[in-house]
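The values are calculated or read from the model by the stated rules, or taken from the named source; none is laboratory data. On a predicted model such as this, the values are computed, not experimentally measured, just so you know. Cβ coordinates were reconstructed from backbone atoms using ideal geometry, including for glycine residues, and neighbour counts include every protein chain displayed.
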């Protein structure tokens with residue numbers, strides 16, 4: 001059992017290290033990935049989320065709305081009563097890792113369209 005735990009640790013550590021070598025997405029790549037699509041995932045600080053990113057810059061979720069924009073190579077959000085908050089990302093296929101200060105602090109999966117009708 002101990003051997004399996006050690007091997008699992010190294011496999012996980014190796015995949016995390018490989019993910020850290022992914023390039024930071026450009027603003028154009030971010031826009032292409034999210035505009036008109038839904039992202040479902042989890043953030044370290046706030047937990048699970050499902051958000052639809054309308055092409056008009058509106059974020060729609062089950063219990064709230066916000067605004068999104070691309071500024072340089074960052075994606076920015078403005079939630080009601082909060083200041084603008086901008087993040088960078090790694091994108092590989094449908095997977096996205098949200099980066100703040102160069103460190104991953106959340107992840108998600110891009111789902112085509114608005115399947116949840118948010």
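Residue under question is residue 72, and the condition is that it be over 15 Å from the mean Cα position of the chain (by Cα), within 24 Å of residue 23 (Cα to Cα) and loosely packed, with under 14 Cβ neighbours inside 10 Å; does it hold? Yes, satisfied. When residue 22 is tested against (1) more than 15 Å from residue 95 (Cα to Cα); (2) modelled with pLDDT under 95, just one condition goes unmet, and that condition is (1). Taken together, 89, 66 contain a single residue that is crowded, with 17+ Cβ neighbours inside 10 Å, modelled with pLDDT of 95 or more and farther than 20 Å from residue 118 by Cβ, which is 89. Filtering the range 88-104 to residues that are within 15 Å of residue 74 (Cα to Cα) and under 9 Å from the mean Cα position of the chain (by Cα) leaves 88, 89, 90, 91, 96, 97, 98, 99. Could you check the range 61-105 and list, in sequence order, the residues that are touching a strand residue (DSSP E or B) at 6+ places or on another chain (Cβ under 8 Å), part of a strand (DSSP E or B), without any contact (Cβ under 8 Å) to a residue 40 or more places away in the chain and over 18 Å from residue 37 (Cβ atoms)? Hits for the range 61-105 are 78, 79, 85, 86, 100.
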